[in-house]
Amino acid sequence: MRVFAFEAVLVPHAPFVDWPAQPVVRTIAVREDQTLEQLHEALRLAFGWPDPHMYAFWMNGDWWDRDSVRYQTPFELDPDDGKVRSGRVPLSGLGLRKGKTIAYLFDFGDEWRLLLKVVDRWEAGEESYPMLVEAVGTPPPQYAPLDEDEGAAEA
């Protein structure tokens with residue numbers, strides 16, 4: 001059984017987020033028999049996003065590209081064009097290779113964007129996967145803190 005290592009770089013996108021000055025990067029290792037759904041959960045936890053949301057992976061590395069095959073939730077969606085597929089596909093079925101770039105989006109409203117790159121591949125040992133291999137930088141919180149004046153006005 002082989003393992004893929006993905007370098008996931010947080011791409012500043014949302015206008016109302018206090019983006020860190022330094023890059024935020026996580027390296028996640030996933031067995032080839034595990035799914036994009038499992039990779040998604042590992043990414044969500046590694047970036048500190050406590051609340052689950054919909055997600056999507058664009059296999060050509062470009063967010064919202066209509067010509068790219070996209071894997072996403074909800075899993076029941078399967079339009080006739082054949083370009084949108086379930087995130088429950090195992091990594092072994094994706095033709096991944098070192099250097100492959102994938103665009104990942106978490107939360108269709110806030111659009112947290114990660115650029116994933118396959119950086120390594122090795123034989124799986126007895127370790128538990130998915131596995132956080134490396135963490136660099138501190139990501140912004142999933143939700144911006146409420147302004148104290150806003151909270152007081154609502155109370």
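Observations
- Choice from ASP51, ASP120, ASP107 with maximal GNM fluctuation in the chain (Cα, 10 Å cutoff): ASP51
- Across the alpha-carbon set of the stretch 1-115, the Rg to Rh ratio works out to 0.94, Rh being the Kirkwood radius.
- Of the residues GLN72, GLN22, GLN34, the one that moves most in a GNM of the chain with alpha-carbon contacts below 10 Å is GLN22.
- Highest-fluctuation residue, PRO145, PRO52, PRO90 considered, GNM on the chain with Cα pairs under 10 Å: PRO145
- Taking the accessible area of the stretch 1-127, probe 1.4 Å, and keeping the other protein chains in place, the carbon and sulfur fraction comes to 50%.
- Acute angle (nearest 10 degrees) that the helix 36-46 long axis makes with the longest principal axis of the chain, alpha-carbon atoms: 40
- The stretch 30-74, accessible area per residue, ligands and nucleic acids excluded (1.4 Å, Å²): 43
- In the chain, the DSSP-assigned H stretches of four residues or longer account for a calculated mean residue ellipticity at 222 nm of -3500 deg cm²/dmol, using -39500 (n - 2.57) per stretch and the full residue count as denominator.
- Averaged over residues, the count of other Cβ atoms within 10 Å places the peptides 64-70, 37-43 in the sequence 37-43, 64-70, highest first.
- Between ALA124 and ARG2, VAL3, the built amide H atoms are under 5 Å apart, and every one of these is 5 or more places off in sequence or on another chain.
- Residue-count net charge about LEU94 - beta-carbon cut-off 11 Å; Lys, Arg +1, Asp, Glu -1: +2
The values are calculated or read from the model by the stated rules, or taken from the named source; none is laboratory data. All values derive from a computational prediction rather than experimental measurement. No Cβ is skipped: glycine too gets one built from the backbone with ideal geometry, and neighbour counts run over all protein chains shown. Calculation scope for accessible area: heavy atoms of the full protein, side chains included, ligands and nucleic acids excluded. Shrake-Rupley method; radii C 1.70, N 1.55, O 1.52, S 1.80 Å.
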